[in-house]
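These notes concern the structure reproduced below.
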Amino acid sequence: MKRSFRWTVAGALISGLVFVTTGPISSQEVFPEGKGRDTLFLVCTQCHALNRMTEARFGADDWEFIVYDMISRGAPVYKDDIEDLNKYLIDNFAIEEQ
Ligand code: HEC
């Protein structure tokens, strides 16, 4: 009885570890490394979830507009970071415009 309990605990710990290590990896796939990602994570999470970005269907022009739109709503993006953020969003999330 005692023995099988120990194994249950070990199993729970191992699956916990797997969960912890796969979590960040899958989010890196959605948000690839790049200039602008830090800004996105720091700034754009303040008012809504990041799946707004992954689910959004915007072209390059729209993304540029959205960044300024968010800034006008109060998103605190440094002036020097705007270009990198725009580029990051466009490179990773812009769709082809018809
Ligand atoms: C000051 C709060 C705030 C911050 C910070 C903010 N947003 Fe938003 N965002 C909003 C609001 C308000 C809306 C529209 C209302 C809603 O649907 O939640 C919105 C909506 C959006 C949408 C959906 C637009 C649409 O037309 O469907 C996108 C995409 C978006 N934000 C991207 C960003 C990005 C990228 C950043 C980082 C630069 C950011 N947001 C930071 C407040 C914010």
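Just so you know, all these numbers are worked out from the coordinates, no wet-lab data involved. Being a predicted model, the structure only gives us computed values, none of them experimental. Glycine gets a Cβ as well: all are built from the backbone with ideal geometry, and neighbour counts include every protein chain shown.
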- So for L50, L85, L40, fewest C-beta neighbours within 10 Å to most, what's the order? L50, L40, L85
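Which loop-located trypsin sites (Lys or Arg not before Pro) does the stretch 26-98 contain, where loop means any DSSP state but H, G, I, E or B and the Cβ has at most 14 other Cβ atoms within 10 Å? Provide the component values of the computation, followed by the final result.
Working: sites: K35, R37, R52, R57, R73, K79, K87; in loops: K35, R57, R73.
Passing sites in the stretch 26-98 are K35, R57, R73.
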- Read phi for every residue in the stretch 40-54 and hand back ³J(HN,Hα) as whole Hz from Karplus 6.51 cos²θ - 1.76 cosθ + 1.60, θ = phi - 60°, with x for Gly and Pro. 4, 5, 6, 8, 7, 8, 6, 10, 8, 6, 6, 5, 4, 7, 6
- When a/c is below 1.5 the answer is rounded, else prolate if a/b is larger than b/c, else oblate, so apply that to the stretch 49-98 with a ≥ b ≥ c taken from the square roots of the Cα gyration tensor eigenvalues. prolate
